[in-house]
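Read the structure below first, then the notes.
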Amino acid sequence: MFAARILLGTWHPRAFGAALITSSLAVAVAAPVTHLEHPLVWPDARLSYLLGFLALASAPLAVAVGLAFDRMTTAARPSALVRSKMLIPAIAAAGLLTGVCSIWLPELPGNGRSILEVSVNSGLTFGAAAAILLLKPLLTSLFLRAGAVGGLLTPALATGAAAGSLVALGLNQWVGADLHVAAVSLSCAAGVLAITQRSPLFAALFVWELARPPLWLLAVFAIGAYAAYALAMLRRRGHGSRRDITGAA
């Protein structure tokens, strides 16, 4: 899905078939080592169908976080490849700052998997979720500004998970709700990923496959991803219409 839809931007049978064969061979070769274990362990299968409504309700938050992450990382990325002698010390300084922050938030370093793990296992506190929501995109942007090159898929996913955890923990703590933090966290993560990767289908499938929760939760993640993507498209068209009216005037 990632190779065909995101990288190549096509559903052509030859492209999708080549990606499917290649990824299947990779899984088969790695299976004796990985034992087909999933990156995340889903904590509980007893969930309420109310989560579909919550995924829909969290779509505006996912849009806001996804667009902010997209703009921040796009603005931070240099227009040309950095070849200055300052490249190494700049990246080292960004790493040092990340290391200092990780003294209090050990989930911050890396590609975001540790943030997903603590989100799914309800290991995040409200304060930690708020700090990660701010620091993860900022530190990622800092590395990009320093000249580092890398993918943004899992950092965006982790930022969305932190936003979902923040909302769920806040409602549980202050309103007395009993929301399933893992489900709300990954629903918001799917919405953010749909915005940053511009593919809600990929976002829903990718998030579901990380932990392989009950199959019906794929529909919940799809609701969150498609709702966020639809809102972002409506917002984009609205801005385009305003520009057209301004230009005509």
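Here is how the numbers come out for the structure above:
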read-out	value
Helix-only CD estimate at 222 nm, as mean residue ellipticity for the chain, using -39500 (n - 2.57) per DSSP H run (n ≥ 4)	-23500 deg cm²/dmol
Scattering curve values for region 51-125, log₁₀ I(q)/I(0), Debye with Cα scatterers, q = 0.16, 0.17, 0.22 Å⁻¹	-0.90, -0.97, -1.19
Relative contact order (%) - the chain, alpha-carbon pairs under 8 angstrom, separation at least six	26
With eigenvalues of the C-alpha gyration tensor scaled by 5 and rooted, the chain, Å	26, 24, 23
13 Å beta-carbon shell around Phe143, net charge (K/R +1, D/E -1)	+3
Accessible area of region 176-217 divided out per residue, in Å², using a probe of 1.4 angstrom	30
Helical segments meeting 15 Å axial Cα length and Kyte-Doolittle 1.0 threshold in the chain (DSSP H)	13-34, 59-76, 87-102, 126-146, 181-197, 200-211
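The values are calculated or read from the model by the stated rules, or taken from the named source; none is laboratory data. Note that the structure is a prediction, hence the values are computed from the model and not measured. Cβ sites come from the backbone with ideal geometry, for glycine too, and all protein chains shown count toward neighbours. These area figures cover heavy atoms from the full protein model, side chains too; ligands, DNA and RNA do not enter into them. Shrake-Rupley method; radii C 1.70, N 1.55, O 1.52, S 1.80 Å.
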